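Chemist: Got a structure for you, questions after.
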Amino acid sequence: MKEKIICSTCGTYYPADEVPGLCVICSDERQYIPETGQSWTTPKDLHRKHSIKLNKLHERLYEIEINPIFAIGQRALLVLSEGGNVLWDCIPLLDELTVQFIKSKGGLKAIAFSHPHYYSNMNEWAEVFDCPVYIHDNDAAHIVEKGPQIHLWQGDELALWEGIKILLIGGHFEGSSILHVPFLSKEGTILCGDTLFLSPSKKHFSVLRSYPNRIPLAQPEMRKVKQRFDSIPFDSFYGYIKTQNLHENVKQVFAESMKKYFS
Ligand SMILES: [Zn+2]
Ligand SMILES: [Zn+2]
């Protein structure tokens with residue numbers, strides 16, 4: 001693999017000969033350059049200091065995390081499907097044990113993304129598993145390394161197989177999307193990235209343009225996000241980190257949360 005350099009704040013990989021002065025993802029108003037300045041690391045260093053943890057959440061759902069936490073600290077989710085497995089979002093590390101585990105479950109038929117904060121080393125994952133990467137066309141400008149497996153999709157939804165769909169929501173990013181999986185719960189499960197942010201109390205969903213910078217969404221965009229979720233059936237939610245799982249009263253929590261934005 002061609003040598004890569006990684007932004008320590010967001011985990012985005014850059015080709016070593018195309019590293020900007022400042023990470024373009026962190027320079028955007030939705031992220032930040034730390035007060036201590038831009039810092040970079042390498043895959044070698046990341047492998048030395050971190051490992052990958054896999055946790056089973058359901059017979060057909062696994063959580064993949066970096067241990068100890070690195071950069072934004074998001075998890076990736078592996079959905080097992082008879083039609084082919086789907087990886088939802090990425091973590092900025094891939095090791096041999098993880099590759100072997102995923103291959104033992106049938107490999108990957110697709111990688112799909114919620115938004116640009118989690119693109120990480122997506123081209124490496126796509127190359128190893130020889131599968132396409134689905135990114136909404138609205139976010140094309142945020143792809144820093146355009147690999148051959150990246151497929152830009154357009155419109156409101158992209159149907160995969162076994163009823164799995166990628167649904168465009170918007171809000172946090174113009175292309176912010178969720179994965180809707182019908183077979184993990186009765187009404188349907190949403191894998192959400194941070195398109196919705198479940199509070200630690202598990203009683204409130206917030207939707208922001210920027211979570212670290214606390215930048216709200218304009219009202220018309222917020223209304224669009226609400227209407228979109230109102231039209232989608234779901235009773236189970238998995239957010240961007242492990243503490244954001246919710247399986248009870250999910251629609252009610254969402255409805256109560258939205259009242260705070262519009263009353
Ligand atoms: Zn960055
Ligand atoms: Zn984000």
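The values are calculated or read from the model by the stated rules, or taken from the named source; none is laboratory data. None of the values given here were measured: they were computed from a predicted structure. FYI the Cβ positions are ideal-geometry reconstructions off the backbone, even for glycines, and counts take in every protein chain you see.
Chemist: Which residue out of Ile91, Ile66, Ile102 is crowded, with 21+ Cβ neighbours inside 10 Å, touching a residue at least 24 places away in the same chain (Cβ under 8 Å) and in a strand (DSSP E or B)? Write out each step before concluding.
Modeler: Values: Ile91 fails: in a strand (DSSP E or B); Ile102 fails: in a strand (DSSP E or B).
Exactly one of Ile91, Ile66, Ile102 is crowded, with 21+ Cβ neighbours inside 10 Å, touching a residue at least 24 places away in the same chain (Cβ under 8 Å) and in a strand (DSSP E or B), namely Ile66.
Chemist: For Gly37, state whether it is exposed (fewer than 14 other Cβ atoms within 10 Å of the Cβ) and either within 16 Å of ligand 2 (Cβ to nearest atom) or on the phi > 0 side of the Ramachandran plot (or both).
Modeler: Details: exposed (fewer than 14 other Cβ atoms within 10 Å of the Cβ): yes; either within 16 Å of ligand 2 (Cβ to nearest atom) or on the phi > 0 side of the Ramachandran plot (or both): yes.
Here the answer is yes, as Gly37 does meet what is asked.
Chemist: Applying the selection to the stretch 9-32, what residues are more than 8 Å from ligand 1 (Cβ to nearest atom), part of a loop (DSSP other than H, G, I, E, B) and touching a residue at least 24 places away in the same chain (Cβ under 8 Å)?
Modeler: Matches in the stretch 9-32: Asp28, Glu29, Arg30, Tyr32.
Chemist: Out of the residues in the stretch 132-148 that are of a type in the set (A, V, I, L, M, F, W, C) and buried (at least 17 other Cβ atoms within 10 Å of the Cβ), which is nearest to Ile6 (Cα to Cα)? Lay out the reasoning, then the answer.
Modeler: To start, the set of residues in the stretch 132-148 that are of a type in the set (A, V, I, L, M, F, W, C) comprises 133, 135, 140-141, 143-144.
Among the residues that remain, those that are also buried (at least 17 other Cβ atoms within 10 Å of the Cβ) are: 133, 135, 143-144.
Working: Val133: 20, Ile135: 20, Ile143: 14, Val144: 12 Å.
Across the stretch 132-148, the extreme among qualifying residues is Val144.
Chemist: Another question, then. Take Ile64 and decide whether it is under 21 Å from Tyr238 (Cα atoms), within 16 Å of ligand 2 (Cβ to nearest atom) and of a type in the set (A, V, I, L, M). If you could, list the steps in order and put the result at the bottom.
Modeler: Details: under 21 Å from Tyr238 (Cα atoms): yes; within 16 Å of ligand 2 (Cβ to nearest atom): no; of a type in the set (A, V, I, L, M): yes.
For Ile64, the condition - under 21 Å from Tyr238 (Cα atoms), within 16 Å of ligand 2 (Cβ to nearest atom) and of a type in the set (A, V, I, L, M) - is not met.
Chemist: Among the residues of the stretch 235-263, what is the count of those that are assigned to a loop (DSSP other than H, G, I, E, B), surrounded by 15 or more Cβ atoms within 10 Å (Cβ to Cβ) and more than 18 Å from the chain's Cα centre (by Cα)?
Modeler: 1
Chemist: Related question: I want to confirm something. Restricting to the stretch 105-119 and keeping residues that are within 16 Å of ligand 2 (Cβ to nearest atom) and in a loop (DSSP other than H, G, I, E, B), which single residue is farthest from the chain's Cα centre (by Cα)?
Modeler: So in the stretch 105-119, the residues within 16 Å of ligand 2 (Cβ to nearest atom) come out as 112-119.
After this cut, where a residue has to be in a loop (DSSP other than H, G, I, E, B) as well, the list is 113-115, 119.
On the way: Phe113: 5, Ser114: 4, His115: 6, Tyr119: 8 Å.
Within the stretch 105-119, the match that is farthest from the chain's Cα centre (by Cα) is Tyr119.
Chemist: Confirm whether Gln31 is polar (S, T, N, Q) and within 16 Å of ligand 2 (Cβ to nearest atom). Give the steps one after another, and end with the answer.
Modeler: Numbers: polar (S, T, N, Q): yes; within 16 Å of ligand 2 (Cβ to nearest atom): yes.
Taking the combined requirement at face value, the residue satisfies it.
Chemist: Quick one: is Pro216 in contact with an Asp or Glu (Cβ under 6 Å, 6 or more places away or on another chain) and either away from ligand 2 (no atom under 13 Å from the Cβ) or modelled with pLDDT of 95 or more (or both)? Before you say what the answer is, go through the steps one by one.
Modeler: On the way: in contact with an Asp or Glu (Cβ under 6 Å, 6 or more places away or on another chain): no; either away from ligand 2 (no atom under 13 Å from the Cβ) or modelled with pLDDT of 95 or more (or both): yes.
Judged against the criteria, Pro216 is not a match.
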